[in-house]
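Student: One structure coming up, written as structure tokens, with questions to follow.
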Amino acid sequence: MAKILIKNGRVIDPASNVDGVRDVLIENGRVTAVKSRLTLRQSPAIDAKGMLVLPGLIDMHSHLRDPGRPDKETIFSGTRSAAMGGFTSICCMANTSPVIDTPAAVKYVLSKAAEEGAVNVYPVAAITVGLKGEALAEMGLMREAGAIAFSDDGNPVADAGMMRKALEYAAQFGAPIISHCEEKGLAHGGSMNESALSTAIGLPGIPALSEEIMVARDIMLAEEFGLVHIAHVSSAKSVELIRRAKRRGVKITCETCPHYFSLTEEAVRNYDTNAKVNPPLKSKKDVQAIIRGLKDGTIDVIATDHAPHNIEEKNVEFNRAAFGMVGFETALALALTNLAETKALKLKNLVKKFTVVPAQILNLNKGTLKVGSDADVIIVDPKAEWTVDPAKFASKSKNSPFGGFKLNGKVLYTVVGGKVVVKNGKLLV
């Protein structure tokens, strides 16, 4: 494997507490040196002057639709989309068809990823059989097969007793439970945030309480039975509940997604189904609370919830449209534009939420540029302005509400295990 020398870039590696101009040397798929001045004979260097050199991003929440829906996404297309966005490791959720609820299904994803993936893929296995919430799946065997975590994402585990059992089992394997917090009885039939706007435009609403009531329940369960990671936090009250729980020492972590700090419910005013997500986009007050939660450490991680859907499931009446948007290729730029540039979040803190923190939650030896670590590295031009064009995404699906948005921050290089998969903003694989 060729040696790679990256020179003169601003290296930000929160895991090593590094933030400064350094050179990075990659040999045999590993980082072998991070120093002020390095030279390498007979090997061209990548000049990263004025660029950010970061650990490869980790997305702990995405949907690759494989097995079952190759019309929406495949491991081939999804991992290339991830690489374009600077993600070198992604966790794919279990709500596929069939569900990833057996060791064989976990092994299928891993073997397919080894065969055709452009980045590292870690399967998240189901908590319950068929995501039905009725019987625990074979968690121990799936963990042995390679599952990184457990989640019924897309469905809440409604039965508190079942969730308790899941937490107790998962604790034995050192694997987190990722909770989809939604009280279906309150959310039933809704398609956007319940508010004055939903009334004005005639769409059935989902109250924020649908999320918050389950966040409160899971906090109480975590206090008694072990770590819960709460997915896609979107409401101000959820942030405050988690903040108070952390102050009490409850073992709880959480994530939000770029759309929850970049958009409000106004994005659906003209019935744009690409902005229909679950949980739904909320008010300006909620967006401000999400940003505050990121700033003060209440929200640990930024994840994409990359949810590809084909045009047949989005180009329909709003109530009938599928929930979800693609996110790999816009996530970092949205964070840089809406958090770093506005000074809402320091750059080092922003990088932390995409790298070392998800690695810690998932017990992954990733998310760092320490000497000896896997050479998962990205080079980003923080000043590059670009206009989002979903038609150009590497993802099979184009369901993004950010088409036409001008963002700052472009991924120029993505290196996975010492192999360059994106060069000058273009895929090589």
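The values are calculated or read from the model by the stated rules, or taken from the named source; none is laboratory data. This structure is a prediction, so every number in the text was calculated from the model and none was measured. Backbone-built Cβ (ideal geometry, glycine too); neighbour counts: all protein chains shown.
Student: Which residue, of I291, I302, is under 18 Å from C91 (Cβ atoms), of a type outside the set (D, E, K, R) and touching a helix residue (DSSP H, G or I) at 6+ places or on another chain (Cβ under 9 Å)? First the steps, then the outcome.
Tutor: Values: I291 fails: under 18 Å from C91 (Cβ atoms).
The match here is I302.
Student: Related question: Only one of these is among the β-branched types (V, I, T) and over 25 Å from T414 (Cα atoms): T355, T337, T264, T304. Name it.
Tutor: Values: T355 fails: over 25 Å from T414 (Cα atoms); T337 fails: over 25 Å from T414 (Cα atoms); T304 fails: over 25 Å from T414 (Cα atoms).
The conditions single out T264.
Student: Continuing with the same structure: Inspect the range 314-336 for any residue being β-branched (V, I, T), in contact with a strand residue (DSSP E or B) (Cβ under 9 Å, 6 or more places away or on another chain), within 28 Å of I178 (Cα to Cα) and in the same structural domain as S191 (by TED's automatic domain parsing) and give the result as yes or no.
Tutor: So the first thing to find is which residues in the range 314-336 are β-branched (V, I, T), and the list is 316, 326, 330.
Subset that is in contact with a strand residue (DSSP E or B) (Cβ under 9 Å, 6 or more places away or on another chain): 326, 330.
Among the residues that remain, those that are also within 28 Å of I178 (Cα to Cα) are: 326, 330.
Now restrict to residues that are in the same structural domain as S191 (by TED's automatic domain parsing): 326, 330.
Yes, some residue in the range 314-336 is β-branched (V, I, T), in contact with a strand residue (DSSP E or B) (Cβ under 9 Å, 6 or more places away or on another chain), within 28 Å of I178 (Cα to Cα) and in the same structural domain as S191 (by TED's automatic domain parsing).
Student: For the range 389-402, does any single residue satisfy the condition of being at positive phi and touching a helix residue (DSSP H, G or I) at 6+ places or on another chain (Cβ under 6 Å)?
Tutor: Of all residues in the range 389-402, those at positive phi come to none.
Looking for residues that are at positive phi and touching a helix residue (DSSP H, G or I) at 6+ places or on another chain (Cβ under 6 Å), one finds none in the range 389-402, hence no.
Student: Just checking, which of V250, V268, V277 is touching a residue at least 60 places away in the same chain (Cβ under 8 Å) and of a type in the set (A, V, I, L, M)? Reasoning before the result, please.
Tutor: Details: V250 fails: touching a residue at least 60 places away in the same chain (Cβ under 8 Å); V277 fails: touching a residue at least 60 places away in the same chain (Cβ under 8 Å).
Unique residue meeting the criteria: V268.
Student: In the range 122-137, what residues are in a strand (DSSP E or B) and surrounded by 24 or more Cβ atoms within 10 Å (Cβ to Cβ)?
Tutor: Keep residues of the range 122-137 that are in a strand (DSSP E or B), which gives 122-125, 128, 136.
Passing the criteria: P123, V124, A125, T128.
Student: Right, here's the next one. Considering only residues that are over 24 Å from Q360 (Cβ atoms) and touching a residue at least 12 places away in the same chain (Cβ under 8 Å), which ones fall in the range 158-178?
Tutor: Our first condition is that a residue be over 24 Å from Q360 (Cβ atoms); within the range 158-178, this holds for 158-162, 164-165.
Matches in the range 158-178: A158, D159, A160, M162, R164, K165.
Rundown of residues vs (1) more than 20 Å from the chain's Cα centre (by Cα); (2) at pLDDT below 95, yes/no style:
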| position | (1), (2) |
| --- | --- |
| V157 | yes, no |
| G161 | yes, no |
| K165 | yes, no |
| Q172 | yes, yes |
| I177 | no, no |
| H180 | no, no |
| H188 | yes, yes |
| S191 | yes, no |
| E194 | yes, no |
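Student: Just to be sure I understand, how many residues within the range 1-32 are in a strand (DSSP E or B) and in contact (Cβ under 8 Å) with a residue 12 or more places away in the chain? Please lay out each step first, then the result.
Tutor: Looking only at the range 1-32, we keep the residues that are in a strand (DSSP E or B), and these are 4-13, 18-27, 30-32.
Applying the additional criterion that residues be in contact (Cβ under 8 Å) with a residue 12 or more places away in the chain yields 4-13, 18-19, 21-27, 30-32.
Counting residues in the range 1-32 that are in a strand (DSSP E or B) and in contact (Cβ under 8 Å) with a residue 12 or more places away in the chain gives 22.
Student: Filter the range 138-148 down to residues that are outside any helix (DSSP H, G or I) and more than 24 Å from the chain's Cα centre (by Cα), then give me how many there are. Full working, then the answer.
Tutor: As a first pass, look at the range 138-148 and keep what is outside any helix (DSSP H, G or I): 138, 146-148.
Going one step further and asking which of them are more than 24 Å from the chain's Cα centre (by Cα), we end up with 138.
The total comes to 1.
Student: Answer with yes or no whether P67 is within 30 Å of P308 (Cβ to Cβ), in contact (Cβ under 8 Å) with a residue 40 or more places away in the chain and surrounded by fewer than 23 Cβ atoms within 10 Å (Cβ to Cβ). I'd like the intermediate steps shown before the answer.
Tutor: Details: within 30 Å of P308 (Cβ to Cβ): yes; in contact (Cβ under 8 Å) with a residue 40 or more places away in the chain: yes; surrounded by fewer than 23 Cβ atoms within 10 Å (Cβ to Cβ): yes.
Answer is yes for this residue.
Student: A follow-up question, please. Could you list, in sequence order, the residues of the range 58-108 that are touching a strand residue (DSSP E or B) at 6+ places or on another chain (Cβ under 6 Å) and hydroxyl-bearing (S, T, Y)?
Tutor: S62, T88, S89
Student: So is V351 buried (at least 23 other Cβ atoms within 10 Å of the Cβ) and out of contact with any Ser or Thr (no Cβ under 8 Å at 6 or more places or on another chain) or not? Write out each step before concluding.
Tutor: Working: buried (at least 23 other Cβ atoms within 10 Å of the Cβ): yes; out of contact with any Ser or Thr (no Cβ under 8 Å at 6 or more places or on another chain): yes.
Here the answer is yes, as V351 does meet what is asked.
Student: Are any of the residues in the range 56-75 over 25 Å from the mean Cα position of the chain (by Cα) and farther than 15 Å from V371 by Cβ?
Tutor: Kept after step one, since they are over 25 Å from the mean Cα position of the chain (by Cα), are these residues of the range 56-75: none.
No, the range 56-75 has no match at all.
Student: Continuing with the same structure: Of all the residues that make up the range 288-309, how many are surrounded by fewer than 23 Cβ atoms within 10 Å (Cβ to Cβ) and in contact with a His (Cβ under 8 Å, 6 or more places away or on another chain)?
Tutor: Total meeting the criteria: 0.
Student: In the range 377-402, how many residues are part of a loop (DSSP other than H, G, I, E, B) and either without any contact (Cβ under 8 Å) to a residue 40 or more places away in the chain or in the same structural domain as V119 (by TED's automatic domain parsing) (or both)?
Tutor: Filtering the range 377-402 for residues part of a loop (DSSP other than H, G, I, E, B) gives 388-389, 393-402.
Within this subset, residues satisfying the condition of being either without any contact (Cβ under 8 Å) to a residue 40 or more places away in the chain or in the same structural domain as V119 (by TED's automatic domain parsing) (or both) are 389.
Residues in the range 377-402 being part of a loop (DSSP other than H, G, I, E, B) and either without any contact (Cβ under 8 Å) to a residue 40 or more places away in the chain or in the same structural domain as V119 (by TED's automatic domain parsing) (or both): 1 in total.
Student: Take the residues in the range 372-429 that are under 30 Å from V34 (Cα atoms) and hydroxyl-bearing (S, T, Y); name whichever of them is surrounded by the most Cβ atoms within 10 Å (Cβ to Cβ).
Tutor: T414
Student: Only one of G226, G205 is assigned by TED's automatic domain parsing to the domain that holds P279, surrounded by fewer than 23 Cβ atoms within 10 Å (Cβ to Cβ), of a type outside the set (D, E) and more than 14 Å from S283 (Cβ to Cβ); which? It would help to see each step written out before you state the result.
Tutor: Working: G205 fails: more than 14 Å from S283 (Cβ to Cβ).
On inspection, the qualifying residue turns out to be G226.
Student: On the basis of being among the small types (G, A, S) and either closer than 27 Å to N270 by Cβ or not in a helix (DSSP H, G or I) (or both), does A335 make the cut? Spell out the reasoning first.
Tutor: Working: among the small types (G, A, S): yes; either closer than 27 Å to N270 by Cβ or not in a helix (DSSP H, G or I) (or both): yes.
Judged against the criteria, A335 is a match.
Student: Please pick out the residue among L369, L350, L412 that is under 17 Å from F87 (Cβ atoms), of a type outside the set (S, T, Y), in contact (Cβ under 8 Å) with a residue 12 or more places away in the chain and assigned to a loop (DSSP other than H, G, I, E, B). First the steps, then the outcome.
Tutor: On the way: L350 fails: assigned to a loop (DSSP other than H, G, I, E, B); L412 fails: assigned to a loop (DSSP other than H, G, I, E, B).
L369 is the lone residue from the list that is under 17 Å from F87 (Cβ atoms), of a type outside the set (S, T, Y), in contact (Cβ under 8 Å) with a residue 12 or more places away in the chain and assigned to a loop (DSSP other than H, G, I, E, B).
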